[in-house]
1. Considering only protein heavy atoms, what is the solvent-accessible area of Tyr71 at a probe of 1.4 Å, reported in Å² to the nearest 10?
2. So what's the projected area for the chain, the Cα convex hull averaged over all directions, in nm²?
3. What does the accessible area of Phe5 come to, in Å² to the nearest 10, when a probe of 1.4 Å is used?
4. How much net charge surrounds Val52 when only other residues with a Cβ under 15 Å from its Cβ are counted (Lys, Arg +1; Asp, Glu -1)?
5. Under a Cβ-only charge scheme (Lys and Arg +1, Asp and Glu -1), can you give me the dipole magnitude of the chain about the Cα centre, in debye to the nearest 20?
6. What per residue convex hull volume, in Å³, comes out for segment 28-67 when only alpha-carbon positions are used?
7. How much length would be gained if the chain were fully extended between Asn45 and Arg19, taking 0.36 nm per residue of separation minus their Cα-Cα distance, in nm to one decimal?
8. Ignoring ligands, DNA and RNA, how do Asp18, Asp88 rank by accessible area with a 1.4 Å probe, largest first?
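The values are calculated or read from the model by the stated rules, or taken from the named source; none is laboratory data. Because the structure is a prediction, the values reported are computed rather than measured. Using ideal geometry, Cβ is built from the backbone for each residue, glycine included, and neighbour counts are taken over all protein chains shown. We work out accessible area using only protein heavy atoms, side chains counted, and drop any ligands, DNA or RNA first. Shrake-Rupley method; radii C 1.70, N 1.55, O 1.52, S 1.80 Å.
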Amino acid sequence: NLAMFLLLIFCGSNFPVDRLPTFLQPISYFLPMTRGIKACRIIANGQITPYVWQLISMELLVGVIYTLLGYLLFIYFERLARKQATLDIY
């Protein structure tokens, strides 16, 4: 559960990313949900601006990148398991 709590801290769900130390803030923007949470906070304040749509589209892009990366890793591990005739990768 440590990974879940680190994700909650870094993605900005408990407090804004701006409150993180400056050297940790770039990590937040590599994680999913960061821009989506920021967009939801802006919408909750009653502002729907083009910046909100930019945040949502960037969140979609991050989702596509993570999906593609996961799929490519799955293919790699499948080929490795077939080559070594094993079911597990340690």
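1. That residue has around 130 Å² of solvent-accessible surface.
2. For the Cα atoms of the chain, the hull's average projected area reads 7.7 nm².
3. The accessible area of Phe5 comes to roughly 110 Å².
4. Values: positive: Arg35, Lys38, Arg41; negative: Glu59.
Charge balance in the 15 Å sphere: +2.
5. Computed about the Cα centre, the dipole is about 60 debye.
6. Values: hull volume 2.0 nm³, N = 40.
Given the Cα convex hull of segment 28-67, per-residue volume reads 49 Å³.
7. 7.5 nm
8. The ranking, largest first, comes out as Asp18, Asp88.
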